[in-house]
Amino acid sequence: MKRILAVAGLALALAACGNPDAPGAPETPPPAAEEAAAPAAGVNGTINVYSARHYDSDKAMYAAFEAETGIRVNVRESGAPELLETMRAEGARSPADVIIASDAGALYRFQEAGFTQGVSSEKISAVIPAQLREKDGHWFGLTKRYRIIVYDPQVVSADEVDTYEDLADPRLKGEICVRSSTNIYNLSLMGEFIGRNGPEAAEEWAKGVVANFARKPQGGDTAQIEAVAAGECAVALVNHYYWVRLATGTPEERMKTAKTQLSFPDQDGNGTHVNVVAAAVAANAPSPDLAIRFIEYLATPKGQEMLTTENKDFPIVAGSTLPAGLEHINGFKESDFPLSELGAHQAEAQAIFDRAGWN
Ligand code: FE
């Protein structure tokens, strides 16, 4: 009953704002009971979601939102750079209401281009910690991922890989596999390193890691784990969910993780680098109120579950169910570095990587 009251209240609020996409005058009374038929998608408006994600489970997530709210969801799925270019071409006429992308550094690029708008939502602020969302409401972190170290315990010991600094230690010469520095995950990790330690220490670190490379940076994060499994290197820097997907995958995939272990770095220091999948309200959103409502839905336990079930990120909102495979991965310390600040260091991070030879 509570939920229905909330929905009816929102409809009135939207109508009061004179929003053209607000539901028309509530001629049809709200359903009298929870089990009343779900509203048909589209009767309460439409939103256009530009998403850099590509999971089958997202289709179910959009469908669940449509069934619950009667708001139709049109989705454009593409890589973040392509979505950025699309919005650039569309200009002020962009039909995008919501932007979803992985990594605060990616959201920064949309914000920097002027494609997001600052909004506030008490519902989101109440459940998402401040350091995981943009300070002026330009984007909101929704699920968490950690940049961790995967290693072969037959070659290196746990205490040789328990900090990010360790990756630059000459003991690991010829043992490290990483992807390209143009990848946003590496740029954001470096952004935190610069923010905490300054650019000079960051460059020293990058040079040390490069000196330990087993091979030229190549492939995605999964390819780094596969290289450890194949004995090509003993240490890889990856986002946790790539390992978890393999560990919960086919027998062949599980084989690749069987002889590897995970290190969540910096447990005695600042904690492991955390990043987010995040959503933003587009600058020229035709239906900004519905866009906020959709992001609020993603910040409910049900939305969180649908966002994480397939991709193996960690939910942020208390009371959400953990996706399968994460049950035994918890209790570690995570960094509290404000993700809003990563973007400010992005260009410098790339310049440092380039000078260090991390291509
Ligand atoms: Fe990823």
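Of note:
- Charging the Cβ of each Asp and Glu at -1 and of each Lys and Arg at +1, and nothing else, the dipole of the stretch 60-142 about its Cα centre rounds to 100 debye.
- The stretch 33-99: chymotrypsin sites (Phe, Trp or Tyr not before Pro) in DSSP coil with no more than 12 other Cβ atoms inside 10 Å: none
- Dipole magnitude of the chain about its Cα centre (Cβ charges: Lys, Arg +1; Asp, Glu -1), debye to nearest 20: 420 debye
- Label point 7 Å beyond Cα of Ala211 along Cβ direction - residues of the stretch 326-359 with amide nitrogen under 14 Å: 356-357
- Put simply, the convex hull of the Cα atoms in the chain casts, on average, a shadow of 18.2 nm².
- Residue-wise HN-Hα couplings along the stretch 152-167, as the Karplus relation 6.51 cos²θ - 1.76 cosθ + 1.60 with θ = phi - 60° gives them from phi, are 9, x, 7, 10, 10, 8, 4, 6, 7, 9, 9, 9, 5, 4, 3, 5 Hz; Gly and Pro carry x.
- Phi-based couplings in Hz for the stretch 203-210 (Karplus 6.51, -1.76, 1.60; Gly and Pro marked x): 5, 4, 4, 4, 5, x, 5, 4
- When the chain is treated as a GNM with alpha-carbon contacts under 10 Å, the residue of Glu85, Glu252, Glu341 showing the greatest mean-square fluctuation is Glu252.
- Remark: relative contact order (the stretch 90-182) = 16 percent; criterion is Cα-Cα distance under 8 angstrom and separation of 6 or more residues.
- The trypsin sites (Lys or Arg not before Pro) found in the stretch 59-147 that occupy coil by DSSP, while having at most 14 further C-beta atoms within 10 Å, are Lys135.
- Cα lying deepest toward the dipole's positive end in the chain, options Ala113, Ala236, Val155, charges on Cβ: Ala113
- Anisotropy class of the stretch 253-359 from Cα gyration tensor, a/c 1.5 cut: oblate
- Taking Gln267, Gln224, Gln346 as the candidate residues, the one with maximal mean-square fluctuation in a Gaussian network model of the chain, Cα springs under 10 Å, is Gln267.
- Note on the stretch 81-240: along the principal axes its Cα atoms extend 54, 33, 30 Å, ordered by decreasing extent.
- Amide H contacts for Ser51 (H built 1.01 Å from N in the peptide plane; partners 5 or more residues away or on another chain; cut-off under 5 Å): Arg76, Glu77, Ser78, Ile100.
- Placing unit charges on the Cβ atoms only, positive for Lys and Arg and negative for Asp and Glu, gives the stretch 186-311 a dipole magnitude near 260 debye about its Cα centre.
- For Tyr164, residues with placed amide H under 5 Å, excluding near neighbours: Asp266
- Normalising the average separation of contacting C-alpha pairs (under 8 angstrom, six or more residues apart) by the number of residues puts the relative contact order of the chain at 25 percent.
- Near Gln218, the amide H atoms lying under 5 Å from its own belong to Val178, Ser180; only residues 5 or more places off or on other chains count, and H is placed 1.01 Å from N.
- Listed residues Val127, Val238, Val98, most fluctuating in the chain (Gaussian network, C-alpha, under 10 Å): Val127
- Neighbours of Asn183, meaning other residues whose beta-carbon lies under 10 angstrom from its beta-carbon, give a summed charge of -1 when Lys and Arg score +1 and Asp and Glu score -1.
- Whole-Hz Karplus values for the stretch 271-284 come out as x, 6, 4, 10, 9, 9, 8, 9, 10, 9, 8, 5, 4, 10 Hz, taken residue by residue from phi with 6.51 cos²θ - 1.76 cosθ + 1.60 and θ = phi - 60°; glycine and proline positions read x.
FYI, it's all coordinate maths here, none of it is from the lab. Note that the coordinates shown come from a computational prediction; the quantities given were computed from them, not determined experimentally. Using ideal geometry, Cβ is built from the backbone for each residue, glycine included, and neighbour counts are taken over all protein chains shown.
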